[in-house]
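Written out below as structure tokens is the structure these notes cover.
The values are calculated or read from the model by the stated rules, or taken from the named source; none is laboratory data. Keep in mind that what you see is a predicted model, and the values were worked out from it rather than measured. Counting neighbours? That spans all protein chains shown, and the Cβs are built from the backbone with ideal geometry, glycine included. Ligands, DNA and RNA are stripped out before the accessible areas are found, and what is left, the full protein with its side chains, is counted by its heavy atoms. Shrake-Rupley method; radii C 1.70, N 1.55, O 1.52, S 1.80 Å.
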Amino acid sequence: MCALLVALSNPAQAQQPTKIPRIGYLSGTSPSAIVARTEAFRQGLRELGYVEGKNIVIEWQSAEGKPDRLPALAAELVRLKVDIIVTSAATLTRAAKQATSTIPIVMTNDTDPVANGFVASLARPGGNITGLSTLAPELSGKQLELLKEIVPRLSRVAVLGTSTVPGHAQVSKEMELAAGALGVKLQYLDVLGPKDIEIAFRAASKGRAGAVLVLASAVLYSERIQVVDLAVKNRLPTIYFRSEFVEGGGLLSYATSFSDLDRRAATYVDKILKGAKPADLPVEQPKKFEFIINLKAAKQIGLTIPPNVLVRADRVIK
């Protein structure tokens, strides 16, 4: 009876609404271009009991492919007083970092968050940023092994990459070790801008490369149609760092599963909402990789994929 009287005398205390967490999601491209990834993030939230519009609100902000809009979009999320900002690329993380040093930032992926200056170390980030990294230097060694299986007599591989990308040196070191074990010589071709792509393929042909390995690079990703076309034109078996190349006509990709990273980003959101500090949450590295083969692309360059390789593919495009 006393408790009821207290509640009636202080209705504000009795009817305090539960605060619904507000998440800001910052992306660089149009929402339609990353539907699979944003849906993976939503799925991760649902698995943890969060339903958008019911017990969590997501403020979606997209630069629509215009990087100059990022500072304003990040500032808008700060103005909206979101509880957490989720970013889907290094440029977006940098924009969010410049906009706030207090609101927690969760990276869905980053090539090398230490080299990019986002965290002090993977084990102890130390600031307001944490999340997931795509850093897996051993990946290039596995890509090289797959090329050797597909082209057994392979002796020379042209490696297309961008030397200014964080982690490039570490990846190259791992690849050299794999190349030595496989008896393959590597020809490094630096692609700093779109104009370098055709020059690189000419150099690969001149250097008698039997295949091409494309390393993670924003330049090569944005120009992936040109890269795929030149690989086919030069009849060079090529393995890529993202599935989008293969979906666009490329031969092979062995890559980090970005949708898995997006799904796992939800666990960081959950931990932070429950009181964890980004500074204390270790940055995680990839756990799931996807191997995709495009048989149409193989036919175009007159290549037969061995059955023992085909059966290991997560997806085959026919």
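Looking across region 232-256 at every residue that is in a loop (DSSP other than H, G, I, E, B) and under 17 Å from the mean Cα position of the chain (by Cα), the one that is surrounded by the fewest Cβ atoms within 10 Å (Cβ to Cβ) is identified as Arg242.
Checking the condition touching a helix residue (DSSP H, G or I) at 6+ places or on another chain (Cβ under 9 Å) and within 21 Å of Ser243 (Cβ to Cβ), which residue from Leu73, Leu177, Leu92, Leu182 passes? Full working, then the answer.
Values: Leu73 fails: within 21 Å of Ser243 (Cβ to Cβ); Leu177 fails: within 21 Å of Ser243 (Cβ to Cβ); Leu182 fails: within 21 Å of Ser243 (Cβ to Cβ).
From the options Leu73, Leu177, Leu92, Leu182, the qualifying one is Leu92.
The conditions of being modelled with pLDDT under 95 and open to solvent by less than 10 Å² (accessible area, probe 1.4 Å) are met by Asp110. In region 181-224, of all residues being among the β-branched types (Val, Ile, Thr) and at pLDDT 95 or above, the one that is farthest from Leu139 (Cα to Cα) corresponds to Ile199.
Which pairs have Cβ atoms under 6 Å, sit 6 or more apart or on different chains, and link a residue in region 190-206 that is among the hydroxyl-bearing types (Ser, Thr, Tyr) to one that is surrounded by 14 or more Cβ atoms within 10 Å (Cβ to Cβ)? Pairs found: Ser205/Asn234.
Only residues that are among the basic types (Lys, Arg) and over 21 Å from Pro137 (Cα atoms) were counted in region 230-266, giving 3.
How many of the residues making up region 47-67 are more than 20 Å from Lys274 (Cα to Cα) and either hydroxyl-bearing (Ser, Thr, Tyr) or more than 21 Å from the chain's Cα centre (by Cα) (or both)?
So the first thing to find is which residues in region 47-67 are more than 20 Å from Lys274 (Cα to Cα), and the list is 60-67.
Add one more test, that the residue is either hydroxyl-bearing (Ser, Thr, Tyr) or more than 21 Å from the chain's Cα centre (by Cα) (or both), and what stays is 62.
Result for region 47-67: 1.
Modelled with pLDDT under 95, among the basic types (Lys, Arg) and out of contact with any His (no Cβ under 8 Å at 6 or more places or on another chain): is that true of Arg242 in this structure? Criteria met by Arg242.
Of all residues in region 275-293 being of a type outside the set (Phe, Trp, Tyr) and outside any loop (DSSP other than H, G, I, E, B), which is surrounded by the fewest Cβ atoms within 10 Å (Cβ to Cβ)?
If we take residues in region 275-293 being of a type outside the set (Phe, Trp, Tyr) and outside any loop (DSSP other than H, G, I, E, B), then Asp280 is surrounded by the fewest Cβ atoms within 10 Å (Cβ to Cβ).
Looking only at residues in region 264-274 that are over 12 Å from the mean Cα position of the chain (by Cα) and surrounded by 23 or more Cβ atoms within 10 Å (Cβ to Cβ), the one that is nearest to Ala36 (Cα to Cα) is Ala266.
Does Val35 meet the test of being part of a helix (DSSP H, G or I) and either of a type in the set (A, V, I, L, M, F, W, C) or open to solvent by less than 30 Å² (accessible area, probe 1.4 Å) (or both)?
Working: part of a helix (DSSP H, G or I): yes; either of a type in the set (A, V, I, L, M, F, W, C) or open to solvent by less than 30 Å² (accessible area, probe 1.4 Å) (or both): yes.
Yes.
Scanning region 95-118 for residues that are among the aliphatic types (A, V, I, L, M) and more than 12 Å from Pro166 (Cβ to Cβ), we see that the one that is nearest to the chain's Cα centre (by Cα) is Met107.
Please enumerate the residues belonging to region 294-317 that are over 25 Å from the mean Cα position of the chain (by Cα) and part of a loop (DSSP other than H, G, I, E, B). Answer for region 294-317, where residues must be over 25 Å from the mean Cα position of the chain (by Cα) and part of a loop (DSSP other than H, G, I, E, B): Ile301, Gly302, Leu303, Thr304, Ile305, Pro306, Val311. Taking region 126-139 as the range and being open to solvent by 10 Å² or more (accessible area, probe 1.4 Å) and within 11 Å of the chain's Cα centre (by Cα) as the test, the residues that pass are Thr134, Leu135. Quick one: in region 115-125, of everything that is free of Cβ contacts under 8 Å to residues at least 40 places away in the same chain and of a type in the set (A, V, I, L, M, F, W, C), which residue is surrounded by the most Cβ atoms within 10 Å (Cβ to Cβ)? Out of the qualifying residues, it is Phe118.
Listed by position, the strands (runs of 3 or more DSSP E) inside region 140-231 whose residues that are open to solvent by 30 Å² or more (accessible area, probe 1.4 Å) number at least 2 are 185-190. When Thr91 is tested against (1) open to solvent by less than 30 Å² (accessible area, probe 1.4 Å); (2) at pLDDT below 95, exactly one condition is not met: (1).
Candidates are the residues of region 134-156 that are at pLDDT below 95 and among the small types (Gly, Ala, Ser); the one that is nearest to Asp260 (Cα to Cα) is Ala136.
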